Amino acid sequence: MEEIQAEKTGRAVAFRRDPSSASEAAQVGEAFQYEILTPVRLARQQSAMLPLLRAEIPAEKVSIYNPSVHPKHPLLGVRITNTSPYYFIQGPVTIFDHGVYAGEAKAQDVPPGSQRLLSYGLDLQVEVATENQSMPAETIHVQLIRGVAHISQKFLRTCVYQVKNSSEKLRHVLIKHPYHADWTLLNPREPSEKTRDLYRFLLVVHPGQSVRLVVEEELQNVHVMAISSMNEDLIAMVMNSQSTSEQVKEAIRLARQRKDRVNSLEHKRFDLEKQIDQIRRDQARIRKNMPQVDKTSDLYQRYVQKLTIQEDQIEQLQAQLGTLGAEIEAAKKNLDDYLMSLDIG
């Protein structure tokens, strides 16, 4: 186990690995080996802990807040910087603050010149409240090209961190905020630090005070879809956006008129098909009843007359369907030709 002792002055904490070095470190390829210089003798069935090296390295005490670890309190931690020429291998670390045991941590490998954050307990004297806010999508540009709409949109989201320090000592709180490559950081302009998955923001919180951090991010993307498949909500958003040009708005209006014409004709066709279906159901009922009726009766003659009238109605409706089908095809072609002619934005 590695033992770290703290000698604190202000923010800086000097960490010392004891006792004196009794080994020599050497690099072998991309690995390190430690060679014990002084022979060690052990009695049978005995064991010993052997010190490998001694080095003083700088460190600073921080409170590390990560909402995925604890939603309310940050972790007590230290940031160590390996300023020695030695390669520190991973392992457990015992932390002392002002000579008093503070906790245990686990350190990853720390090559010379590298930094690591170690956490060893919960900072109950610091509380963090978070609030997430999202703004509705905003259309920033629209292009209409050969029947396809290219809609550029902007999304904004905000996360507010309210940090309260109830202790009697100054706290340096390191806020860990998720980093996503698609989102651009707007505020603050730059993080204190950045890793592959996280932004880090360092806040100085005086005793008994609160500090507010507002993190704003923006996402811009482009939706590509057929103009004819745009739903009413999307059309309304595009038409109401101040960023949409008047040419684009007029083109969408004309396209909607042509599409409404197609929809109206198709609705008429549906009504005609429904009428034909109802007549045929009624004919099926009549034909089912006719074998049980005397052919010389008035009822039978009424059935025959009604079937004749219905056949005439079906012929008329089918003729209307034929004409309507041609109108629908012409309306669709008119819509398609117009959409394919567009190159606006």
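The values are calculated or read from the model by the stated rules, or taken from the named source; none is laboratory data. Quick caveat: nothing in here was measured; it's all calculated off a predicted structure. FYI the Cβ positions are ideal-geometry reconstructions off the backbone, even for glycines, and counts take in every protein chain you see. Keep in mind that these areas ignore ligands, DNA and RNA; they rest on the heavy atoms of the full protein, side chains included. Shrake-Rupley method; radii C 1.70, N 1.55, O 1.52, S 1.80 Å.
Out of the residues in segment 224-233 that are part of a helix (DSSP H, G or I) and in contact (Cβ under 8 Å) with a residue 12 or more places away in the chain, state the one that is most open to solvent (accessible area, probe 1.4 Å). Here the residue is SER228.
Results for (1) in contact with a helix residue (DSSP H, G or I) (Cβ under 7 Å, 6 or more places away or on another chain); (2) loosely packed, with under 12 Cβ neighbours inside 10 Å; (3) free of Cβ contacts under 8 Å to residues at least 60 places away in the same chain, shown as yes or no for each residue.
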residue: ARG41; (1), (2), (3): no, yes, yes
residue: GLN45; (1), (2), (3): no, yes, yes
residue: LEU52; (1), (2), (3): no, no, yes
residue: LYS61; (1), (2), (3): no, no, no
residue: GLY103; (1), (2), (3): no, no, yes
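Just one of the listed residues (TYR303, TYR338) is aromatic (Phe, Trp, Tyr), open to solvent by less than 90 Å² (accessible area, probe 1.4 Å), touching a helix residue (DSSP H, G or I) at 6+ places or on another chain (Cβ under 8 Å) and free of Cβ contacts under 8 Å to residues at least 40 places away in the same chain, and it is TYR303. Note on segment 129-144: residues that are out of contact with any helix residue (DSSP H, G or I) (no Cβ under 6 Å at 6 or more places or on another chain) and either assigned to a loop (DSSP other than H, G, I, E, B) or open to solvent by less than 10 Å² (accessible area, probe 1.4 Å) (or both) total 3. Only one of the numbered conditions (1) on the phi > 0 side of the Ramachandran plot; (2) open to solvent by 30 Å² or more (accessible area, probe 1.4 Å) is not met by GLY147, and that is (2).
Residue by residue, here is whether (1) touching a Lys or Arg at 6+ places or on another chain (Cβ under 9 Å); (2) under 30 Å from LEU342 (Cβ atoms); (3) loosely packed, with under 11 Cβ neighbours inside 10 Å; (4) free of Cβ contacts under 8 Å to residues at least 12 places away in the same chain holds:
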| residue | (1), (2), (3), (4) |
| --- | --- |
| ILE235 | yes, yes, no, no |
| GLU246 | no, yes, yes, yes |
| ALA251 | no, yes, no, no |
| ARG269 | no, yes, no, no |
| GLU273 | no, no, no, no |
| ARG280 | no, no, no, no |
| ASP312 | no, no, yes, yes |
| GLN320 | yes, no, no, no |
| LEU324 | yes, yes, no, no |
